Amino acid sequence: MAISEFEVKRCEREIEKFLEERRPPVHMRNQLDLGYRIENQSVELFEVRPQWRNPEEIMEIPFAKATYVKKEKLWKVYWQRQDLKWHSYSPVPTVKHFEDFLSVVSEDENACFFG
């Protein structure tokens, strides 16, 4: 089940704040930028950059994901490993509030999200 429209707007507002702190300067954003998507009950954060072989083609590289579990009223935190699969973020596998997810990603204590 998808998260509510109210929750989507709240997540978008919080993500915009998060991105403004982390995004590169405006003059570099055509080479590297950050973005997000909200689908169903998941929020995914990703890098946006041109492919190195074909700079005309833009690619998205996901690095963090939060999925809301309505029954448990919490967010599960994931990171994408080299195998391109989502893995539970073991230091903090779940958080109560979406803002806590963004804090975990921002702190990145194990260098899983931003290397």
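The numbers here are math on the coordinates, done by the rules we state, and not lab data. All figures in this text were calculated on a predicted structure; none of them were measured in a lab. As a convention, Cβ positions derive from the backbone with ideal geometry for all residues, glycine included, and neighbour counts pool all protein chains shown.
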Problem set entry | Cβ-based charge dipole, the chain, positive-most Cα from Phe18, Phe114, Pro93 | Pro93
Exercise. Let a ≥ b ≥ c be the square roots of the eigenvalues of the Cα gyration tensor of the stretch 73-115; is it rounded (a/c under 1.5), or, if not, prolate (a/b larger than b/c) or oblate?
Worked result: oblate
Exercise. Where does the charge balance sit around Arg49 when Lys and Arg score +1, Asp and Glu -1, over other residues with C-beta under 14 Å from its C-beta?
Worked result: -2
Exercise. Using 1/(1 + (r/R0)^6) with R0 = 30 angstrom and r between the beta carbons of Arg10 and Ile61, what's the FRET efficiency to the nearest 0.05?
Worked result: 0.70
Exercise. Relative contact order, percent, of the chain when contacts are C-alpha pairs under 8 Å separated by at least 6 residues?
Worked result: 16 percent
For this session: Please give the calculated 222 nm ellipticity per residue for the chain, where each DSSP H segment of at least 4 residues contributes -39500 (n - 2.57) and the sum is spread over every residue; nearest 500 deg cm²/dmol?
Result: -8000 deg cm²/dmol
Problem set entry | Rg/Rg_ref, the chain, where Rg_ref = 2.2 N^0.38 Å and atoms are Cα | 1.08
Exercise. At a Förster distance of 35 Å, what's the computed FRET efficiency of Gln31 paired with Lys71, Cβ-Cβ distance as r, to 0.05?
Worked result: 0.25
Exercise. Can you list the HN-Hα couplings for the stretch 73-82, worked out from phi with the Karplus curve (6.51, -1.76, 1.60; θ = phi - 60°), rounded to whole Hz and with x for Gly and Pro?
Worked result: 6, 8, 9, 8, 9, 10, 9, 9, 8, 4
Exercise. Against the longest alpha carbon principal axis of the chain, how many degrees, from 0 to 90 and to the nearest 10, is the axis of helix 5-22 turned?
Worked result: 40 degrees
Exercise. Under a Cβ-Cβ cut-off of 10 Å, what is the net charge of the residues other than Gln80 that fall near it, where Lys and Arg count +1 and Asp and Glu count -1?
Worked result: +1
Exercise. In whole angstrom, how far apart do the alpha carbon centroids of the stretch 12-35 and the stretch 74-115 sit?
Worked result: 18 Å
Problem set entry | Summed residue charge, Cβ within 15 Å of Asn30's Cβ, Lys/Arg positive, Asp/Glu negative | -2
Problem set entry | Length added when fully stretched, Ser90-Gln41, from 0.36 nm per residue minus Cα-Cα | 15.6 nm
